[in-house]
1. Please give the number of the condition W123 fails out of (1) exposed (fewer than 12 other Cβ atoms within 10 Å of the Cβ); (2) outside any strand (DSSP E or B).
2. Which of (1) assigned to a helix (DSSP H, G or I); (2) out of contact with any strand residue (DSSP E or B) (no Cβ under 9 Å at 6 or more places or on another chain) is the odd one out, the single condition A118 does not satisfy?
3. Does P59 qualify as being open to solvent by less than 40 Å² (accessible area, probe 1.4 Å), farther than 23 Å from N14 by Cβ and assigned to a loop (DSSP other than H, G, I, E, B)?
4. When only residues in the range 97-106 that are out of contact with any helix residue (DSSP H, G or I) (no Cβ under 7 Å at 6 or more places or on another chain) and surrounded by 14 or more Cβ atoms within 10 Å (Cβ to Cβ) count, which is farthest from R116 (Cα to Cα)?
5. Identify the single condition in (1) aliphatic (A, V, I, L, M); (2) open to solvent by less than 50 Å² (accessible area, probe 1.4 Å); (3) within 24 Å of Q127 (Cα to Cα) that A67 does not satisfy, given that it satisfies every other one.
6. Suppose the filter is assigned to a loop (DSSP other than H, G, I, E, B), of a type in the set (S, T, N, Q) and surrounded by 13 or more Cβ atoms within 10 Å (Cβ to Cβ); does N94 pass it?
7. Any residue at all in the range 70-81 that's among the aromatic types (F, W, Y), closer than 15 Å to V16 by Cβ and surrounded by fewer than 17 Cβ atoms within 10 Å (Cβ to Cβ)?
Amino acid sequence: MARALSGRANHARNLVVLTTAASRFLTAQIAAELGIENLIATEGDMKAGRYTGKVEGIPNMREGKIARLDAWLAQRGTTLTRFRESWFYSDSRNDVPLLSRVTNPVAVNPDPTLARLAASKGWPVLQIR
């Protein structure tokens, strides 16, 4: 289903970014498999070619996901508000800050808190099993 969502006709011509709290080490192959060229992930700190167990920079979660996305877009000379429409798909209440910033938030197999919020705000909910 992730493949279908990331390649949908309405997204295929657009800028697609996989943004995840998980580490780049774990998610780079997933993004590649899905054909998503742009990945914003939590970056593991490395010293002498080894992971230290710490995070480099801002963790890509909650409000940090917005900060990292804004910085990534700024490096490309744009902002989220310059896009006429934007989508974000999430299953977690931890992503409410970014879900609240896009024009088309979508809850996918949402946790109970996100499911209640999506229902109260009229956000679409996808159940993928």
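1. Failed condition: (1).
2. Of (1) assigned to a helix (DSSP H, G or I); (2) out of contact with any strand residue (DSSP E or B) (no Cβ under 9 Å at 6 or more places or on another chain), only one is false for A118: (2).
3. Values: open to solvent by less than 40 Å² (accessible area, probe 1.4 Å): no; farther than 23 Å from N14 by Cβ: yes; assigned to a loop (DSSP other than H, G, I, E, B): yes.
In short, no.
4. Of the range 97-106, the ones out of contact with any helix residue (DSSP H, G or I) (no Cβ under 7 Å at 6 or more places or on another chain) are 99-100, 102-104, 106.
Retained after the next criterion (residues that are surrounded by 14 or more Cβ atoms within 10 Å (Cβ to Cβ)): 99, 102, 106.
Values: L99: 14, V102: 18, V106: 13 Å.
Result: V102.
5. (3)
6. no
7. The initial filter retains those residues of the range 70-81 that are among the aromatic types (F, W, Y), namely 72.
Filter once more, so that each one left must be closer than 15 Å to V16 by Cβ: 72.
With surrounded by fewer than 17 Cβ atoms within 10 Å (Cβ to Cβ) added as a condition, the list becomes 72.
The answer is yes, given that some residue of the range 70-81 is among the aromatic types (F, W, Y), closer than 15 Å to V16 by Cβ and surrounded by fewer than 17 Cβ atoms within 10 Å (Cβ to Cβ).
Conditions (1) among the aromatic types (F, W, Y); (2) part of a loop (DSSP other than H, G, I, E, B); (3) in contact with a helix residue (DSSP H, G or I) (Cβ under 8 Å, 6 or more places away or on another chain), marked per residue:
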{"site": "I36", "(1), (2), (3)": "no, yes, yes"}
{"site": "I40", "(1), (2), (3)": "no, no, yes"}
{"site": "M46", "(1), (2), (3)": "no, no, no"}
{"site": "K65", "(1), (2), (3)": "no, no, yes"}
{"site": "L69", "(1), (2), (3)": "no, no, yes"}
{"site": "W72", "(1), (2), (3)": "yes, no, no"}
{"site": "T78", "(1), (2), (3)": "no, yes, no"}
{"site": "E85", "(1), (2), (3)": "no, yes, no"}
{"site": "Y89", "(1), (2), (3)": "yes, no, yes"}
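The values are calculated or read from the model by the stated rules, or taken from the named source; none is laboratory data. The structure displayed is predicted, hence computed values, not measured ones. For neighbour counting, all protein chains shown are included, and Cβ atoms are generated from backbone atoms with ideal geometry for every residue, glycine included. Calculation scope for accessible area: heavy atoms of the full protein, side chains included, ligands and nucleic acids excluded. Shrake-Rupley method; radii C 1.70, N 1.55, O 1.52, S 1.80 Å.
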